[in-house]
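Take a look at the structure set out below.
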Amino acid sequence: MKINIKGTQYQLTPEIRDYLDTNLAAIGKFIDESQGEAICDVELEHMNAQKHGHVFRAEINLNAHGEFFRVEDTGESRNAAIDAVHDEIIRRL
C-alpha cells in the first residue's frame, strides 16, 4: 500500500508517524493487493476552535479494490482523531 501523509498547521513528529504507521498497518491487513496497488492519503490538521480549545482533524482517502473510501473525523487529541478514522475505514472495508 502506498501511503502519503500530510500535516496541515501541524508538525509531523516521529512519534506521530509511528502511531500512524501502526494504525495504517492494521488497515493494510484488510486490503488485497492482488487486485492492484492501494493508495492511502492521510491528512492531519490542528484547528484552533474558538470556544473548545484545540481540535484535531484526521482524514483518510483510500483507493483500494477498485473503490474509493473517504473518512474524516475530529477529536480533542490527535490520537483520538486518528483512532476514529481508523475504526471507520476498517468498518467500511
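One residue alone among R57, R17 is at pLDDT 90 or above and open to solvent by 50 Å² or more (accessible area, probe 1.4 Å), and that residue is R17. Of the residues in segment 38-46, not one is surrounded by fewer than 14 Cβ atoms within 10 Å (Cβ to Cβ), assigned to a strand (DSSP E or B), modelled with pLDDT of 90 or more and not charged (D, E, K, R).
Being farther than 15 Å from R91 by Cα and surrounded by 11 or more Cβ atoms within 10 Å (Cβ to Cβ) is true for just one of L24, L62, L12. Which residue is that?
Details: L24 fails: farther than 15 Å from R91 by Cα; L62 fails: farther than 15 Å from R91 by Cα.
The conditions single out L12.
Filtered by the rule that a residue be at positive phi and out of contact with any strand residue (DSSP E or B) (no Cβ under 7 Å at 6 or more places or on another chain), segment 1-50 gives a lone residue, G36.
The values are calculated or read from the model by the stated rules, or taken from the named source; none is laboratory data. The model shown is predicted, which means the values in this text are computed figures rather than measured ones. Backbone-built Cβ (ideal geometry, glycine too); neighbour counts: all protein chains shown. Surface accessibility is based on the protein's heavy atoms, side chains included, excluding ligands, DNA and RNA. Shrake-Rupley method; radii C 1.70, N 1.55, O 1.52, S 1.80 Å.
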